Amino acid sequence: MRGTAPTYDLYGENHAQRPDFWLHWETIASRSQLHNWEIKIHKHDAFFQILYLRGGTGDAVFNGEVLPILPPVMIAVPPKYEHGFRFSKDMDGMVITMVASRFGALGRAFLDAEMAQWFSRPRLIALDLNDGDQGFLAQTLERLCQELLHSDAFHSDLVEAYLRTAILIAARLTAPDQSAINDSVPENPRMKALQTLVNRHFRDHHPAEFYASHLGVSTTHLNRIVKATTGQSTNDLIASRLIDQAKRDLVFTSANIKQIAYDLGFNDPAYFSRFFTKETGSTPRQYRAEQHEKLAE
């Protein structure tokens, strides 16, 4: 029978040796060569790890499942998940260890349910340098590694920014993976597709039927999916996207309200004003003044 995997802070370090930090980094070679290039099965109670591997070969073991490592690749290992690695002696890369409770320090996006689900299981993400998002993820990880090794001005802020960017891009790249989706919410792929469609077409003011048709479901079924996920109807979701963009335009552009209405697909600026007031409780003019006053404080 397989024994219980030991729990370490860093591999080979017990709780009595717990260092006082939220972020630690080291090359793969610096620790692996101490253990004959094999990191035996173990887990971390409170740490999340990212491995960025540029060269060499090896295997990753997650809960007994063996996966080949074919760099360049990013591997994400959540807390409390049994894992181990076997590396070739020419493995080139870095392991970054973070205190999981500090994810909030990297931005609100890490606190939502979807990201919490992403963090709940290990990820092995191939990095095709000629692919747009994969290539950019590899570049971001390279910049992160360089910043960690050669700190300069704005070091802490840049490290957090690179980490946040890398994790969010990794989450986007793995989002279509059915195995990464909570089994209790089987409609999540359609919800993601709907959000993409809404972002593309919200200025066209299409009804829910338009989106249902593109997703190959009935309007009633689509409303059920949206309601279960967001608590809104599909039309409410579309309206929320319009309002969100209207707020951005009112705060961050100098366009007049009539121009903003036209840019958002409203033929009648007066109707836009009534729509905005109904959804927010403020007229567009009042909202802009209130937000500008807050920015001036």
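The modelled label-to-label distance for the pair Gln286/Arg121, using points 7 Å beyond Cα in the direction of Cβ, is 4.8 nm.
Here each label is just a point 7 Å from Cα along the line to Cβ, and for Arg200 and Thr277 those points are 3.6 nm apart.
Using a simple spin-label model with pseudo-atoms 7 Å out from Cα toward Cβ, Ser254 and Leu295 lie 1.2 nm apart. Pair-distance distribution P(r) for the stretch 206-297, from all Cα-Cα distances in 5 Å bins starting at 0: 2, 14, 21, 19, 14, 14, 10, 5, 2, 0 percent.
Values in this text are rule-based calculations from the coordinates and carry no lab data. All values reported here derive from a predicted model rather than from experimental measurement. For neighbour counting, all protein chains shown are included, and Cβ atoms are generated from backbone atoms with ideal geometry for every residue, glycine included.
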